[in-house]
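> The structure follows.
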Amino acid sequence: NARIYRTSCRAMITLGADEDLLTQYKVLNKQDLKVTMAVTDPNAQGHRDDSLAWFWTMDIKQDSDMNDWMSEFFRGHWLRAKAHMHRWEEEVELLQAESGWVRNYFDHR
């Protein structure tokens, strides 16, 4: 698929595609083709900073209108990110409470 993408990009350049179209389709690097934990398991330990390759976040209106799978994918990804945010908010709350408990313990000791 990567070979087909690169061939298609060269064809667009040869056919004289306008600059807006060419900037939308970036160069495909080997790093982009690696399967990251962001897709397979976004909750995996040590992978919280993983992000999706640029082509997963392209805004192609026709694709999202015609492809329910992509809409569902983005919805699932958004819900996972929201759950992460809520977990970290809860963690901050717990850490603040624990620091208060430790302080109270030593004050009343």
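The values are calculated or read from the model by the stated rules, or taken from the named source; none is laboratory data. Quick caveat: nothing in here was measured; it's all calculated off a predicted structure. Reconstructed Cβ throughout: ideal geometry from the backbone, glycine too, with neighbour counts over all protein chains shown.
Each row is one residue, and each column tells you yes or no for (1) in the same structural domain as A2 (by TED's automatic domain parsing); (2) in contact with a Cys (Cβ under 8 Å, 6 or more places away or on another chain); (3) at pLDDT 95 or above; (4) surrounded by fewer than 10 Cβ atoms within 10 Å (Cβ to Cβ).
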| site | (1), (2), (3), (4) |
| --- | --- |
| Q24 | yes, no, no, no |
| D41 | no, no, no, no |
| W54 | no, no, no, no |
| F74 | no, no, no, no |
| L79 | no, no, no, no |
| R109 | no, no, no, yes |
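> Go through the stretch 56-65 residue by residue and tally those that are assigned to a helix (DSSP H, G or I) and either surrounded by 10 or more Cβ atoms within 10 Å (Cβ to Cβ) or modelled with pLDDT of 95 or more (or both).
The initial filter retains those residues of the stretch 56-65 that are assigned to a helix (DSSP H, G or I), namely 56-57, 61-65.
Pick out the ones that are also either surrounded by 10 or more Cβ atoms within 10 Å (Cβ to Cβ) or modelled with pLDDT of 95 or more (or both) and you get 56-57, 63-65.
So the count comes out to 5.
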